[in-house]
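The values are calculated or read from the model by the stated rules, or taken from the named source; none is laboratory data. Computed from a predicted model, the values in this text were never measured in an experiment. Cβ sites come from the backbone with ideal geometry, for glycine too, and all protein chains shown count toward neighbours.
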Amino acid sequence: MENTIEMKIKSNHNNWPIISDGFFRKKMTEQLIKDEIPLNAIDKIFQNSINILSNCPNPKDEAPNSKTGIVIGKVQSGKTSNFISLMALAFDNNYDIIVVLGGTKNILLGQNVARISSYFSNIPVEKLVILATNANESILNPAAIKQFIIEKRKVVIVGLKGRVRINTITRIFSDPILCNVPTLVIDDEGDQATLNTQVSRNSMSATYEAAVTLKERLKRHCFLSITATPQANILIKTCDQLSPDFGSLVYPGDDYCGLEEFHGENQDTYIKLIPDSEPNILEDMGLPISFYKALATFFVGGAVRRYRADSGNHAMLIHPSQRKFDHQIVLRKVNSVLNEWTDIARTKLEGIDDISYQSLLTHLYNAYLDFKNDGVILPSFNELEKNILECIVMCPDAHICNGDEDASENSRFYKINIFVGGNLVERGLTIKGLAVTYIIRRARGVSNVDNTEQRARWFGYKRSFLDVCRVFTTQPIKDDFSSILEHDDDLWATIERAEHRGIPFKEIPRVFVLANKMLTMTRKNVAKAERFSFSEWNKQDLLLLNRSSVERNIAYINDFREKHHDLIELLNHRGVNKHVLIKGLNFFEVKNSLLGNLFFPQSSNLDSAFFNKLEEAIIKSEINPVVDILWIRDKEHETRTISSTGKINQLFQGRNSTPGSETYYPGDSSMVSVSRSGVMQLQIHFIRPKNMPEINYYSPAFALYVPVQYAEKMERLVGQI
């Protein structure tokens, strides 16, 4: 009997029955067990999938329905296993077609096709058809796919993320029947390529346009972006067609080692600095000392694993730059040293004494001592020496991994491997048993968080050999990842807090901690973020002119004022400048009881979104602010010239006359002096357009003073523009 679970997710209040142990789930579980994944971990994987699927449209609802979601994991945390488990669950719950946009390069597409086929290998073709755009194009047509659906076969279509391949898939759904078939679209590495890189030009990039067209063609679907670096997806405008309606966090298993392990409190154990004084590995000379240390560390670490009867793969990655020419330079240097060390090690293993071994021995013994000084439990060097030499002999020439030449396929013939690469090894590609990384690649100037974090191939499920994992890198890269750890923790906490409060994903304040000013969130051609910067005075620039909304706002303001009637003070300046003041209110009370209930003009620079961002920034800056509220010209309100777009010509009244004169008024902005030092001030103005006789009522407008000490604390934050 099938087990049905009623799921209710706070973020969208979706509620439909999820079949949790159907045919495809059971078959997927069999494969995961074969991969020696513990049952409790399998249950966790499928619980994640249930949570995600419950946010998607119910495929039994026949009315058109589409959603866009994002699934956020950790770099190298097994996202592929999670989304294939989601596919199994979707098939059990009446989704019939799943489209997987499987990367921008053929190697990543091939990796996805192979993984999907492997996990579903125990399912007969009579029940499931897996097609790839680069291998099955002749049957990627409406007639063939419709026949599969008629025969009650589930269909998986895997394609590259590019205009041509996505359009090939889209043409399938030109059929009026197929476009109504419940379909799940999974965009692997969903922050890459699919998003609009022409948004700043008010245009659409080719891949983005193709993805949007695919979405528009599908009447009943969910489009899911899968990524560990969601900065761009979160920062794009919420009106964008790929902006997520919901988000799900996928927590890694207990054996996962990522930012916290490598770049947290114990980072000095795992991160080894390359001295600034050293020549660069790319310079026209030999290899730097730090590289010899890294190479020796790699072989000693491999020997330690062999001594412990760990038969897993053992790998090293060298990431010098994005340029393929540079890869060839490094490859030649590395292979030259490898060949030399292999000859020496083989001679020593044959029992032949050679004076050249002393130089190699020095490198190896120093690496051994470094491990020992870091607290690694080791046998004596003499016990380990033979294993070290065997590791050197077992290692083939280094493998190139880039767009011109991908020799990583050759690595499956060896247990010990060294890889040299650039862009191809920084996203999506998993290097089995990666223990030592030598990385010097960093953009000049400001770097992006998402691109930088994706280079961390050293993350992954490696708890069993974490003690022999090391990253050799520069101080700026080390600093980058320390900041990214704080940023990543904050991003996850922001999403968790929103889900707990029941805040829809689109309404999450886009404010994040990012203290390192040499980092920005993502690519500027996709989404823009800026450092949090508040003027002392932040003034509403547009006036609300909808009468019913204005009356509603006034009612809320009056109710709030009445609630605090006992605190009212009168400020009696000469003439019309008679104000009402309430001191010492908690900002969060003012935000929740007053500001959060008001209507604001669309596109105003001071609106609900502004106050939501400010609230989030205050929380993250650990400020507990007090705010004074000032009703400006409480008895005799003011008139201002208002443009046709609603723009207020001048909200503040300036200084009037000179100090000491009977008519002197220091100006609205100087009213902050009535507050105590370090206190926020919210001014409420009532304005009637003097150039619009048809508007015969006053509309409230607001100005907020932010003390400089608060603004300085919030400068470590970045937010959506």
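Screening the range 425-450 for residues that are over 19 Å from the mean Cα position of the chain (by Cα) and part of a strand (DSSP E or B) and picking the one that is nearest to Lys528 (Cα to Cα) gives Ile439. From the set of residues in the range 279-327 that are of a type in the set (D, E, K, R) and more than 26 Å from Asp467 (Cβ to Cβ), which is surrounded by the fewest Cβ atoms within 10 Å (Cβ to Cβ)? Per the criteria, the residue is Asp284. Glu409 passes every criterion in (1) surrounded by fewer than 20 Cβ atoms within 10 Å (Cβ to Cβ); (2) in a helix (DSSP H, G or I); (3) modelled with pLDDT of 90 or more apart from (3). Across the range 198-208, the number of residues qualifying as surrounded by 15 or more Cβ atoms within 10 Å (Cβ to Cβ), touching a residue at least 12 places away in the same chain (Cβ under 8 Å) and either of a type in the set (Gly, Ala, Ser) or within 14 Å of Ser243 (Cα to Cα) (or both) comes to 3.
Could you tell me whether any residue of the range 563-580 is in a loop (DSSP other than H, G, I, E, B) and modelled with pLDDT of 95 or more? I'd like the intermediate steps shown before the answer.
Start the filter on the range 563-580 by keeping residues that are in a loop (DSSP other than H, G, I, E, B), which leaves 564, 573-577.
Imposing the further condition that a residue be modelled with pLDDT of 95 or more reduces the set to 564.
Taking every residue of the range 563-580 in turn, at least one turns out to be in a loop (DSSP other than H, G, I, E, B) and modelled with pLDDT of 95 or more.
Taken over the range 99-111, residues that are surrounded by fewer than 24 Cβ atoms within 10 Å (Cβ to Cβ) and over 20 Å from Gly422 (Cα atoms) amount to 0.
Kindly indicate whether Asn94 is without any contact (Cβ under 8 Å) to a residue 12 or more places away in the chain and among the polar types (S, T, N, Q). Judged against the criteria, Asn94 is not a match. Applying the criterion of at least 3 residues that are more than 30 Å from Phe381 (Cα to Cα) to the helices (runs of 4 or more DSSP H) found wholly in the range 218-314 leaves 231-235.
Taking the conditions (1) in contact (Cβ under 8 Å) with a residue 40 or more places away in the chain; (2) in contact with a Phe, Trp or Tyr (Cβ under 7 Å, 6 or more places away or on another chain); (3) farther than 25 Å from Asn335 by Cα in turn, Tyr368 satisfies each one other than (3). Residue-level analysis places Lys478 among those that are in contact (Cβ under 8 Å) with a residue 12 or more places away in the chain, assigned to a helix (DSSP H, G or I), basic (Lys, Arg) and not assigned by TED's automatic domain parsing to the domain that holds Gln192.
Contact annotation: residue pairs with Cβ atoms under 8 Å, 6 or more positions apart or on different chains, pairing a residue in the range 576-587 that is in the same structural domain as Gln683 (by TED's automatic domain parsing) and on the phi > 0 side of the Ramachandran plot with a partner that is in a strand (DSSP E or B) and of a type in the set (A, V, I, L, M, F, W, C), are Gly584/Val626. For the range 54-98, residues that are of a type outside the set (S, T, N, Q) and outside any loop (DSSP other than H, G, I, E, B) total 17.
Taking the listed residues Asn417, Asn387, the one that is assigned by TED's automatic domain parsing to the domain that holds Leu349, in a helix (DSSP H, G or I) and among the polar types (S, T, N, Q) is Asn387, with no other qualifying.
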